[in-house]
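See structure below.
The values are calculated or read from the model by the stated rules, or taken from the named source; none is laboratory data. Only a predicted model underlies this, so the values are computations on that prediction, with no experimental measurement involved. Every residue, glycine among them, receives a Cβ derived from its backbone with ideal geometry; neighbour counts consider all protein chains shown.
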Amino acid sequence: MVTKYNFPRPPMSLIVEGLPPTGGKLFIGDAEAAADRKLLDENDIAIVVNCAVNLDIDYTQAAGAIEEGGKGPIRNYKLGLIDDAGNPDTMLIGAYFLLDGALHQRLPDRFTYPHRRTGNLLLHCRGGRSRSVIVAALLMHVHMHDRFPTLDAAIDHIRQTRALHPDEWHETPKPMLIEAARYAADWILRIEAEKRARPAA
């Protein structure tokens, strides 16, 4: 894919390995990658999270899919972020807990839940350069705090692994999303610390 800045990068990039709790891989991609069944299969993608409010992908790709249980090729979640101002301050807190839930869910053994396997995670938005980047950075900072003790450390790592050109770093991710993620990280780390401090039931 060639961006508006004419900086080439692949439709999907491996960002980090060893993602808790399964030890899987985290990828970031664009809409093209998210819709490419062959690419998803080649990279053992089990969970796809669409970070964009203004982008929809039909993962079922079959008439009558609802009657057949709504089965698509992967587990699919949507966050619905705006790539600009306009997201409530709490929205990235919700984004983190949606991802945490997706990674920890254990689905029942029923035909309506066909995708029970663990595999790799793809976060995507339209270009894979802002919304998905900040959500990935937040997840990495909280879930892999030893490796990414600050949000900035996670963002810097993603800018390199996603091949984001330094000339576009001023908006990859957008500044208001970075500030929202700082707010979210502060609250999430407090919540997680409080959970750890609770006496065992």
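Entry remark, segment 21-52: residues being without any contact (Cβ under 8 Å) to a residue 60 or more places away in the chain and charged (D, E, K, R) number 6 in total. Does at least one position in segment 51-60 carry a residue that is in contact with an Asp or Glu (Cβ under 8 Å, 6 or more places away or on another chain), at pLDDT below 85 and surrounded by fewer than 18 Cβ atoms within 10 Å (Cβ to Cβ)? No, every residue in segment 51-60 fails to be in contact with an Asp or Glu (Cβ under 8 Å, 6 or more places away or on another chain), at pLDDT below 85 and surrounded by fewer than 18 Cβ atoms within 10 Å (Cβ to Cβ).
Please determine whether any residue of segment 20-28 is in contact with a strand residue (DSSP E or B) (Cβ under 7 Å, 6 or more places away or on another chain), of a type in the set (Phe, Trp, Tyr) and at pLDDT below 90. Within segment 20-28 (the criterion being in contact with a strand residue (DSSP E or B) (Cβ under 7 Å, 6 or more places away or on another chain), of a type in the set (Phe, Trp, Tyr) and at pLDDT below 90), the answer is no, since none of the residues qualifies.
Checking the stated criteria, Asp167 turns out not to satisfy the condition of being in a helix (DSSP H, G or I), of a type in the set (D, E, K, R) and at pLDDT 95 or above. Taking the conditions (1) touching a Gly at 6+ places or on another chain (Cβ under 9 Å); (2) crowded, with 18+ Cβ neighbours inside 10 Å; (3) not in a helix (DSSP H, G or I) in turn, Arg147 satisfies each one other than (2).
Whenever a residue of segment 1-17 is at pLDDT below 55, its partners that are surrounded by fewer than 14 Cβ atoms within 10 Å (Cβ to Cβ) and assigned to a strand (DSSP E or B), lying with C-beta atoms within less than 9 angstrom and at least six residues away or across chains, give the pairs Met1/Pro8; Val2/Pro8.
Can you say whether Asn120 is in contact (Cβ under 8 Å) with a residue 60 or more places away in the chain and either hydroxyl-bearing (Ser, Thr, Tyr) or touching an Asp or Glu at 6+ places or on another chain (Cβ under 6 Å) (or both), as far as the supplied structure shows?
yes
If the requirement is being in contact with a Cys (Cβ under 9 Å, 6 or more places away or on another chain), outside any strand (DSSP E or B) and surrounded by 15 or more Cβ atoms within 10 Å (Cβ to Cβ), which of these qualifies: Val142, Val135? Of the residues listed, the single one that is in contact with a Cys (Cβ under 9 Å, 6 or more places away or on another chain), outside any strand (DSSP E or B) and surrounded by 15 or more Cβ atoms within 10 Å (Cβ to Cβ) is Val135. Checked against the criterion of being in a loop (DSSP other than H, G, I, E, B), in contact (Cβ under 8 Å) with a residue 12 or more places away in the chain and on the phi > 0 side of the Ramachandran plot, the candidates Gly86, Gly128 yield just one match: Gly128. The condition (being of a type in the set (A, V, I, L, M, F, W, C) and loosely packed, with under 13 Cβ neighbours inside 10 Å) is satisfied by just one residue among Ala197, Ala180: Ala197.
Is it the case, given these coordinates, that Ala153 is at pLDDT 95 or above, under 19 Å from the mean Cα position of the chain (by Cα), among the small types (Gly, Ala, Ser) and within 21 Å of Gly29 (Cα to Cα)?
For Ala153, the condition - at pLDDT 95 or above, under 19 Å from the mean Cα position of the chain (by Cα), among the small types (Gly, Ala, Ser) and within 21 Å of Gly29 (Cα to Cα) - is met.
Taken over segment 170-201, the criterion of being farther than 18 Å from Arg131 by Cβ and not in a helix (DSSP H, G or I) is satisfied by Arg198, Pro199, Ala200, Ala201.
Here is the figure for segment 20-50: residues that are surrounded by fewer than 20 Cβ atoms within 10 Å (Cβ to Cβ) and assigned to a loop (DSSP other than H, G, I, E, B) total 8.
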